Amino acid sequence: MTSTTDAAPHLPMSDPADRRRLSLLWWLSISIVIAVAVLLRQVVPLNTDVSWLLTVGERVLNGERLYADIVEINPPMAVLSYLPGIALARALALDPKILIDCQLLLLTAASLLVTWRILTRTSTTARVRWAPLAVWSAAVLTILPMQVYGQREHMATLTFLPALAVYMLRCDREQVPLWAIVTAGIGAGITLAFKPFFVAPAALCVVLTSIRAQSWRTLFAPENWIAGVLVGTFSGYTYLAYPGYFAITYPLVRDTYLSWSMPAAVFMFNSATLIWAIAVTAIFFAYRKTRLDSAVLVILLASLGFAISFFLQRRGWSYHSYPMVAVSLLGLGYLTFAADRPRIGTVGLSAMAATFVLGIQWFDTAVYVGPIEQAVAPLKPNPRILVLSGEAAIGHPLVRTLHGTWVSRQENLWIREFVRLTREHNVIDPPTDARLNGYLALERSWLIEDFKKLPPDIVLVDNLRDGWGDWAHADPELTRLLRSYALVRTVEGIDILRRAE
């Protein structure tokens, strides 16, 4: 009689409970994870950047031009990824935040399902206990993000998971079905379109597939072509549809944002690095006497690639680190729930618990700006708000929480802030200094134009960070525009000005 394994070699050789998919207990566990994730979306404040990008998306749908009427520091993928949810929310008369949260939960479910379907085609992962791994993966992708939920890095991680599964198959010279090739290629292309830094994990994994499969042809696997064509097409689209990004925004970013970095102690030695080190160390500990299998190698190299992208960005911001942390924790879960490695269970579970708690604390960080919302809310319903500051967290998500209107083409006055940092951390020659002064003059002209076009009801002046009140009063045009505003109160160094009726 032919065995089940001989008849269907691609089915996972797992426990009977796994063959019946997830038991009621595990379905209940996943339901609890999703319920906690949904609850967190109600109590965790909307991320500053996500709030701004939702506002940008709404303005784009209203007909405003990105990189002309709206100045955004990131490539257009940062905005375009939110447009479907915003458009659907508008059609249903709902808050876009609700639809974006749902969009991310559905993307998580789809990504995990597709990744699982791909992984069950290789014998490398045959002894994995899928049920507890599914619960752990859902928690890493929906609960762990906390304040960075919905960030580009969060979405990029989700879209990249099917590609990781296909890389594992390539390493083992397994047949990859067409649907998996297409899904992996599109997912990897979307990930790379978010940020060029994400080429690091993709490149490392592709090179690994060639070495592991002992074939240079694997470098040109169809999913890699799909990802490359998608990125090339999107780059061409960006060049043609958004010339302002290359003509105005990128030079600004290059000469200010990219010209300075946080100290190495900040962007290299932090909780993200600690979490990643714990996870990677636990994996190497488990395999210290055996050969690393393809799945573990792919996970390790992907997390290393995302770590490289995190360090190259030189900021140390928590949301930049999410992909490297998430992938390493998924690898830790894969190792812990491998049925053929029972001895690693206690070590793995301890490492999982420690890293998850550290991760929640790391990703649940936000800039404290004081009780601004409570002070502004009674002043005027649905206010038009302008903020004079380089700190984006003052205005976002405040303007969305109060159902107001943002009076600026920028998220914050980031050019002046980045110019200050550039001058503090670099030796500036005369031509560069003149160029920086030109950028400052451009931002000032934008501010005044926006102020006149849509006079704000409320102006928040940040006197705690870099003397924005003194800067505004030193400018004759801004002083004239602010004459019709009266100081209501000062909260945490921020002056709240209201326009006289």
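Of the numbered conditions (1) within 18 Å of V491 (Cβ to Cβ); (2) outside the structural domain of Y485 (by TED's automatic domain parsing), P383 fails exactly one; give the number of that condition.
P383 satisfies every listed condition except (2).
Here's the yes/no breakdown for (1) touching a helix residue (DSSP H, G or I) at 6+ places or on another chain (Cβ under 6 Å); (2) aliphatic (A, V, I, L, M); (3) part of a helix (DSSP H, G or I):
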| residue | (1), (2), (3) |
| --- | --- |
| T233 | no, no, yes |
| Y239 | no, no, yes |
| Y245 | no, no, yes |
| Y250 | no, no, yes |
| S261 | no, no, no |
| I275 | yes, yes, yes |
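Of the conditions (1) touching a residue at least 60 places away in the same chain (Cβ under 8 Å); (2) assigned to a loop (DSSP other than H, G, I, E, B), V459 satisfies every one except a single condition; which number is it?
Tallying (1) touching a residue at least 60 places away in the same chain (Cβ under 8 Å); (2) assigned to a loop (DSSP other than H, G, I, E, B), V459 fails exactly one: (2).
Kindly establish whether I415 is without any contact (Cβ under 8 Å) to a residue 12 or more places away in the chain and touching a Ser or Thr at 6+ places or on another chain (Cβ under 9 Å).
When the stated conditions are applied, I415 does not pass them.
Name the single residue, out of those in the range 225-257 being among the small types (G, A, S) and surrounded by 15 or more Cβ atoms within 10 Å (Cβ to Cβ), that is nearest to L329 (Cα to Cα).
Within the range 225-257, the match that is nearest to L329 (Cα to Cα) is A227.
Which of the residues that make up the range 392-407 are touching a strand residue (DSSP E or B) at 6+ places or on another chain (Cβ under 6 Å) and either under 21 Å from D466 (Cβ atoms) or in a strand (DSSP E or B) (or both)? I'd like the intermediate steps shown before the answer.
So in the range 392-407, the residues touching a strand residue (DSSP E or B) at 6+ places or on another chain (Cβ under 6 Å) come out as 394-395, 399, 404-405, 407.
Across the range 392-407, the qualifying residues are I394, G395, T405, V407.
Could you say which residue among D466, D475 is touching a residue at least 24 places away in the same chain (Cβ under 8 Å) and at positive phi? Full working, then the answer.
Values: D475 fails: at positive phi.
Selected residue: D466, the only one of D466, D475 that is touching a residue at least 24 places away in the same chain (Cβ under 8 Å) and at positive phi.
One residue is enough: does the range 31-46 have a residue meeting the conditions closer than 19 Å to Q151 by Cβ, without any contact (Cβ under 8 Å) to a residue 40 or more places away in the chain and assigned to a loop (DSSP other than H, G, I, E, B)?
No, every residue in the range 31-46 fails to be closer than 19 Å to Q151 by Cβ, without any contact (Cβ under 8 Å) to a residue 40 or more places away in the chain and assigned to a loop (DSSP other than H, G, I, E, B).
Give me the pairs: first residue in the range 284-307 and of a type outside the set (A, V, I, L, M), second residue assigned to a loop (DSSP other than H, G, I, E, B), beta-carbon distance under 6 Å, and six or more apart or on different chains, which are they?
As it stands, the answer is S294/D172, since those pairs meet every condition given.
Find the residue count for the range 363-386, including only residues that are surrounded by fewer than 17 Cβ atoms within 10 Å (Cβ to Cβ) and of a type in the set (F, W, Y).
1
Kindly evaluate R127 against the criterion of being in the same structural domain as A193 (by TED's automatic domain parsing), touching a helix residue (DSSP H, G or I) at 6+ places or on another chain (Cβ under 6 Å) and touching a residue at least 60 places away in the same chain (Cβ under 8 Å).
The answer is no for R127.
Just name the residue that is farthest from the chain's Cα centre (by Cα) out of those in the range 258-287 that are surrounded by 15 or more Cβ atoms within 10 Å (Cβ to Cβ), farther than 20 Å from S303 by Cα and among the small types (G, A, S).
S259
Each row is one residue, and each column tells you yes or no for (1) under 16 Å from F194 (Cα atoms); (2) of a type outside the set (V, I, T).
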position: W27; (1), (2): no, yes
position: A37; (1), (2): no, yes
position: V43; (1), (2): no, no
position: V56; (1), (2): no, no
position: G63; (1), (2): no, yes
position: Y82; (1), (2): yes, yes
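Quick one: which residue in P222, P201 is touching a residue at least 40 places away in the same chain (Cβ under 8 Å) and surrounded by 19 or more Cβ atoms within 10 Å (Cβ to Cβ)?
P201
Scan the range 303-339 residue by residue and report those that are assigned to a helix (DSSP H, G or I), more than 19 Å from A165 (Cβ to Cβ) and hydrophobic (A, V, I, L, M, F, W, C).
A307, I308, F310, F311, L312, V325, listed by residue number.
Filter the range 413-437 down to residues that are surrounded by fewer than 12 Cβ atoms within 10 Å (Cβ to Cβ) and in a helix (DSSP H, G or I), then give me how many there are.
Counting residues in the range 413-437 that are surrounded by fewer than 12 Cβ atoms within 10 Å (Cβ to Cβ) and in a helix (DSSP H, G or I) gives 5.
Report yes if some residue within the range 64-71 is closer than 30 Å to I415 by Cβ, in contact (Cβ under 8 Å) with a residue 24 or more places away in the chain and of a type in the set (K, R); otherwise report no.
Of all residues in the range 64-71, those closer than 30 Å to I415 by Cβ come to 64-71.
From the residues that got through so far, the ones that are in contact (Cβ under 8 Å) with a residue 24 or more places away in the chain too are 65-71.
Remaining after also requiring of a type in the set (K, R): 65.
The answer is yes, given that some residue of the range 64-71 is closer than 30 Å to I415 by Cβ, in contact (Cβ under 8 Å) with a residue 24 or more places away in the chain and of a type in the set (K, R).
The values are calculated or read from the model by the stated rules, or taken from the named source; none is laboratory data. Computed from a predicted model, the values in this text were never measured in an experiment. All Cβ positions, glycine included, derive from the backbone under ideal geometry; neighbour counts span all protein chains shown.
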